[in-house]
1. Over the residues of the range 22-104, compute the C-alpha Rg and express it relative to 2.2 N^0.38 Å.
2. Hey, can you rank 360-366, 121-127, 492-498 by average C-beta count inside 10 Å, highest first?
3. Could you compute the net charge surrounding Gly258? Neighbours are other residues with a C-beta less than 15 Å from the C-beta of Gly258; K and R count +1, D and E count -1.
4. Classify the range 430-551: rounded, prolate or oblate, from the alpha-carbon gyration tensor (a ≥ b ≥ c, eigenvalue square roots; a/c under 1.5 rounded; otherwise prolate if a/b is larger than b/c)?
5. Just grab the label-to-label distance for Leu540 and Tyr37, each label 7 Å out from Cα along the Cβ direction, in nm (one decimal).
6. Estimate the FRET efficiency between Glu426 and Arg89 by the formula 1/(1 + (r/R0)^6), using the beta-carbon distance for r and 45 Å for R0, to the nearest 0.05.
7. Determine the sum of side-chain charges near Thr280: Lys and Arg each +1, Asp and Glu each -1, restricted to other residues whose C-beta is under 10 angstrom from that of Thr280.
8. Using amide H atoms built in the peptide plane, which far-off residues or other-chain residues are under 5 Å from Leu308 H to H?
Amino acid sequence: MHPRWRRLSLVCLPLVAASCLLAWRGRVAIEARAETYLRRAGLTAGEVRFSWLGPLRLAAVSGPAPGGGRLTIDSVEVRWRLRGNGEARTHVTGVALRGIRVQRAPLAASWDEADLDVVAWEREAAAERVTLRQRLGEGELTARWPPVGAEPVLSLTRLDLGAANVHWNGEPVLSPGRWSGRLSVERTGARLQSRGTLHGDGVRVTPPPPLHTEGGEGAPATFDVDWTLRHDGRAIEIEHFSARLTGFDVSAHGVVQGSAERQADVKIEAHCDLAEAFRTAGLAPPLAEARSDHFGRASLDLSLRGPLADPAALVIEPRLHYEAEPEVLQALSYLRGPFPYRPASSPGLVIDVREGAPAFIPVEAVPHFFQKALLVSEDAGFNQHAGIDVAEIAVAWAENEQDGRRLRGASTITQQLVKNLFLSSEKTYGRKLREAALALMVDAAVPKARLLEIYLNIIEWGPGLHGLAPAAQHYFGKRPGDLTPKETAFLVCLIPNPVRYHQAHEQGRLGPGMEQLVHNLLRKLHSLGELDDGAYEDALHEELQFAPEMS
């Protein structure tokens with residue numbers, strides 16, 4: 001080698017080695033700083049890798065999500081540039097996140113990719129402020145985090161979340177659309193305050209299979225949410241909360257104590273435009289016969305007081321009101337007069353719901369004791385509620401929660417009636433929602449006495465056996481007016497499961513379970529003064545005499 005080249009190599013090689021060492025140490029320092037930032041945020045990464053020729057890459061990022069649950073991100077790429085000063089933020093030009101998932105069972109949210117450019121990142125009086133813009137679209141996100149003790153703020157401007165999805169038990173239920181607004185969280189010592197106002201456009205709801213068997217996405221909707229919450233370590237004060245999704249409007253205020261029992265004193269107001277709500281939820285309209293874009297509006301005022309950890313001890317005071325549209329009243333007016341009914345459970349059978357028909361019994365001819373037994377057993381609030389007994393729903397929920405399994409429902413007589421008249425036997429929440437909406441409509445369109453009359457003349461009392469008069473004749477060879485208190489109680493106790501309990505007639509005697517049901521109903525009627533002591537004792541000891549089975 002020429003002496004000149006030898007001398008040059010002796011100078012350059014150490015410089016190259018030093019540069020490589022500096023580059024390596026710089027890479028290690030940047031990776032270490034990235035891991036430090038992650039730890040401060042409560043996150044970890046399976047891999048952190050920096051390259052002077054490419055972005056900072058983080059793989060398998062995970063940690064607790066804000067508000068609970070688990071956050072995971074498959075990969076994060078932080079784009080950077082050489083131009084800048086000694087502060088890391090001046091070199092960052094953008095960030096791409098792929099495979100974002102937030103899981104809090106049974107709810108999960110996912111976003112395949114979020115690619116954002118840094119529009120500005122600056123320091124304002126010791127506070128950091130960064131503005132990010134979506135590479136595809138016009139959405140922006142601005143975050144400002146001041147020194148400890150002040151108020152971090154997150155602002156959104158038409159942030160497009162259309163590629164994101166929300167799942168419930170693995171089924172897609174929501175496409176979030178585009179969002180604008182502002183939210184903040186401020187901590188002062190033990191006191192935490194959260195405020196926010198958000199607006200969403202193009203929000204789409206997809207009913208999951210338990211709600212809807214046909215599938216299909218709801219109509220695009222707007223969603224507005226506004227809140228002010230405070231937490232002082234002992235209680236959560238809901239100063240204001242409101243949420244408005246097309247067709248639904250809910251507001252609440254009150255206090256939830258942070259004790260083990262979580263004592264609550266909360267008032268909730270809810271309003272629902274039935275037609276808009278069903279379109280938003282992607283469900284078929286509740287009443288196809290009414291050619292209208294409006295099915296009326298339901299309003300609910302709810303007061304809730306007591307321990308949330310003990311549903312049975314909660315005091316729930318609901319007030320439900322429904323305003324029907326004229327088209328709804330007109331579509332259901334036929335129920336006031338004679339009409340034929342064809343029960344789905346008995347193909348070929350036609351019941352003539354008309355006074356004077358052979359098997360028809362007018363409500364005036366139904367004994368008072370039978371009506372009282374029916375209401376006590378099936379719907380004690382029948383004459384007061386608007387078709388749905390919200391208070392009874394709360395009681396049933398409390399009892400089921402306490403037992404840990406589903407024991408009872410809370411269907412009113414009106415709900416049972418519309419289920420028979422209008423609905424299939426599919427067991428979905430969608431059918432239950434249509435049932436509830438129809439119950440409100442029918443209750444508004446038809447007098448209570450007529451509803452009870454229709455109910456008693458069409459419901460099932462055994463295999464292929466419909467109506468009170470045929471049931472009294474089938475089981476006891478009697479007219480309804482001649483039934484004894486125990487025979488009355490037996491027929492009423494058949495209603496929840498007439499096919500199953502028909503076996504008592506086939507066997508000629510009550511089984512232990514049915515005997516207990518009958519005695520429980522008689523005891524309630526005795527406690528209400530509908531049976532005096534002597535009649536009650538006679539009923540308990542009466543041996544039912546069933547009419548012979550007809551072959």
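1. Working: Rg = 13.5 Å, N = 83, 2.2 N^0.38 = 11.8 Å.
Computed over Cα atoms of the range 22-104, the ratio equals 1.14.
2. By packing density, highest mean first, the sequence is 492-498, 360-366, 121-127.
3. Values: positive: Arg191, Arg230, Arg234, Arg262; negative: Asp232, Glu237, Glu261, Asp265.
Net charge around Gly258: 0.
4. On the way: a/c = 1.89, a/b = 1.42, b/c = 1.33.
Since a/c reaches 1.5 and a/b is larger than b/c, the shape of the range 430-551 is classed as prolate.
5. 7.8
6. Working from the Cβ atoms, E equals 0.20.
7. Result for the local shell: 0.
8. Residues meeting the amide H criterion: Gln263, Ala264.
FYI, it's all coordinate maths here, none of it is from the lab. None of these values were measured; they are calculated from a predicted model. Note that each Cβ is placed from the backbone with ideal geometry, even for glycine, and that neighbours are counted across all protein chains shown.
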